[in-house]
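This report refers to the structure that appears directly beneath it.
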Amino acid sequence: MLDDSLWDTFLWDDYFLTDEDVSDTNIKPDEDESKSAEIFSVPVPQNASDPESAASLIASQMAKLSVADREKAYNDVHAIPDDFVKETPELIHNSLWGLQGEIDILPDKKAYSIAEQLNPTYTQDRDFRLAFLRCEKFDCKKAALRFVRHFQMKLDLFGQDKLVRDITQDDLDADEMEILHLSNGRFLNAHDKAGRRMNMIVMVNKTYRTDSCLRKSFYITMAVCREIEIQRRGLVNVSIQFGNEVKGTSADNLDLVWKLPKQNQAIPLWHSAIHLCCTKGAWESHYAMVKTALDKQSQVRCRVHCCDTILECLEELRGYGIDPSCIPVNNKGEITDRIKDHKRLEQQRRQERLRYPTPNMIGVPFCEDVLLGKGTPFQIHRGNKKLQQFVADRYKKYERAQKGAKKAVAQEIINVVRGNGGLFLKQDGNKWVPVTDDVALLKVAALFRYLRLKNGKK
């Protein structure tokens, strides 16, 4: 296996593998260079979970790099700051034209063509395209392939009706929202010494469907890719596995283990460094598949930290420009800031509601939503309880108002709910549908009538 000492001295060694060194593996090192837009259908190589084959694959990729590229990979892994591409107006103009030219000659771009027909304003958005160019250091050919892969993956995960709009929490179903609120995979509000944002993945003791995990991962990644500094600098991924049993954890899904790294090939963000942390035990095969599934640029920036405890693993990260105190896990590998992260997700969803048009269907109600229906689940919902308080606070004003002015008081309450990011929803099967203001007014008026009866008035 490619151990730490070899990795750390690789930059200075004249080390190249011979054909004999890699003849015993069935993994194709340049498989990620395929021009296909479909990334999830790539078959799992026969030796994908073999640690020795994965190590040989990464060593062969490293040997193919030029001296300059090896130095760049070494610096990226060790958080040594590097200048990113200077973006002049001429470079941006020429690159955007070049990107379109490369897209035009790609043979496999069915999903992109559908998106272009549905909403060319979305597909041709300048800032959106620049994110893909920055990810590939303004290499138009690579950016074009990543761009069409993005639409193919989005079509596969969310369907055509969501292909040409940004994905929000309203698009996630109950399982996906549960995974999101586990806080086990998310971008931290922390950076390494090179100023790169960090993404944390922590395995949890529960398994989920592959498609649910991929949709949740797509959402959180695209939610941060608007940040220009992330587009320019890339991100640092820290994956944490704990315990000696893979079975029963979120890693106990080989389909997901293979596909999740593949998703990176269709997202406008690149990995500056990948750190796989685990306690000594049963994770070698798991991490071998992860490393095999990565694209070759990520493979040579991947490090494994295998120690007796999670805290020892995290302490090793200091040598790579990462302060372990930024990683919110304890010595058992448990997340320590879940409540804080839940509040962050609520704020993020509130901002999405205020920024984007109201969707036709919603998977899981927001805490600020008012649910129309009868029974305890509706009464105890946070949004319904807040509405009751809004009505109580304005009861006297409503009573004093003339008949024509009562509607304005009720509308004022609706506006407050909407201003907080809330909607009035009715259930439709396993989905929720926003209602019109006229229906919402009836709900508010009914609460005022209830208070009147409660106060002994007819």
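The values are calculated or read from the model by the stated rules, or taken from the named source; none is laboratory data. Bear in mind the structure is a predicted one, so any value in this text is a computation, not a measurement. So basically every Cβ, Gly included, is an ideal-geometry build from the backbone, and we count neighbours across all protein chains shown.
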query: How about the stretch 107-123: which of its residues are over 16 Å from residue 265 (Cα atoms) and either of a type in the set (Gly, Ala, Ser) or touching a helix residue (DSSP H, G or I) at 6+ places or on another chain (Cβ under 8 Å) (or both)?
result: 110, 113, 114, 115, 116, 118, 122, 123
task: Assess whether residue 156 counts as being charged (D, E, K, R), within 14 Å of residue 348 (Cβ to Cβ) and modelled with pLDDT of 95 or more.
output: no
- request: Mind listing whichever residues of the stretch 41-82 are assigned to a loop (DSSP other than H, G, I, E, B) and either modelled with pLDDT of 90 or more or surrounded by fewer than 15 Cβ atoms within 10 Å (Cβ to Cβ) (or both)?
  value: 41, 43, 46, 66, 78, 79, 80, 81, 82
query: Here is a list of conditions, (1) touching a strand residue (DSSP E or B) at 6+ places or on another chain (Cβ under 9 Å); (2) under 25 Å from residue 172 (Cα atoms); (3) surrounded by fewer than 19 Cβ atoms within 10 Å (Cβ to Cβ), and residue 439 meets all of them except one; can you say which number that is?
result: (2)
Subset of the stretch 365-401 (residues that are among the β-branched types (Val, Ile, Thr) and either closer than 14 Å to residue 420 by Cα or buried (at least 18 other Cβ atoms within 10 Å of the Cβ) (or both)): 370, 391
field: Subset of the stretch 320-337 [at pLDDT 90 or above, in a loop (DSSP other than H, G, I, E, B) and more than 20 Å from residue 181 (Cβ to Cβ)]
entry: 321, 322, 323
task: Scan the stretch 170-193 and give yes if some residue there is at pLDDT 90 or above, β-branched (Val, Ile, Thr) and within 29 Å of residue 369 (Cβ to Cβ), otherwise no.
output: yes
message: Only one of 288, 273, 293 is hydrophobic (A, V, I, L, M, F, W, C), at pLDDT below 95, within 26 Å of residue 131 (Cβ to Cβ) and buried (at least 18 other Cβ atoms within 10 Å of the Cβ). Can you tell me which?
response: 293
- prompt: With respect to the numbered conditions (1) under 24 Å from the mean Cα position of the chain (by Cα); (2) modelled with pLDDT of 95 or more; (3) surrounded by fewer than 20 Cβ atoms within 10 Å (Cβ to Cβ); (4) among the basic types (Lys, Arg), which one is the sole condition not fulfilled by residue 141?
  reply: (1)
- line: Residues of the stretch 274-306 being part of a strand (DSSP E or B), of a type in the set (A, V, I, L, M) and either closer than 20 Å to residue 46 by Cβ or more than 21 Å from the chain's Cα centre (by Cα) (or both), in sequence order, are 304
query: In this structure, does residue 373 turn out to be within 21 Å of residue 166 (Cα to Cα) and in contact (Cβ under 8 Å) with a residue 40 or more places away in the chain?
result: no
statement: When the stretch 431-450 is checked residue by residue, the ones that are of a type outside the set (A, V, I, L, M) and in contact (Cβ under 8 Å) with a residue 40 or more places away in the chain are 431, 432, 434, 443, 448
- request: Test residue 448 against the stated conditions and say whether it is among the aromatic types (Phe, Trp, Tyr) and within 30 Å of residue 178 (Cα to Cα).
  value: no
- prompt: Which residues, counting only those in the stretch 289-321, are of a type in the set (Lys, Arg) and either within 15 Å of residue 48 (Cβ to Cβ) or in contact (Cβ under 8 Å) with a residue 12 or more places away in the chain (or both)?
  reply: 291, 296, 301, 303
- request: Test residue 448 against the stated conditions and say whether it is under 30 Å from the mean Cα position of the chain (by Cα) and surrounded by 10 or more Cβ atoms within 10 Å (Cβ to Cβ).
  value: no
query: What are the residues in the stretch 322-345 that are touching a residue at least 60 places away in the same chain (Cβ under 8 Å) and within 16 Å of residue 196 (Cα to Cα), if any?
result: 322, 323, 326, 327
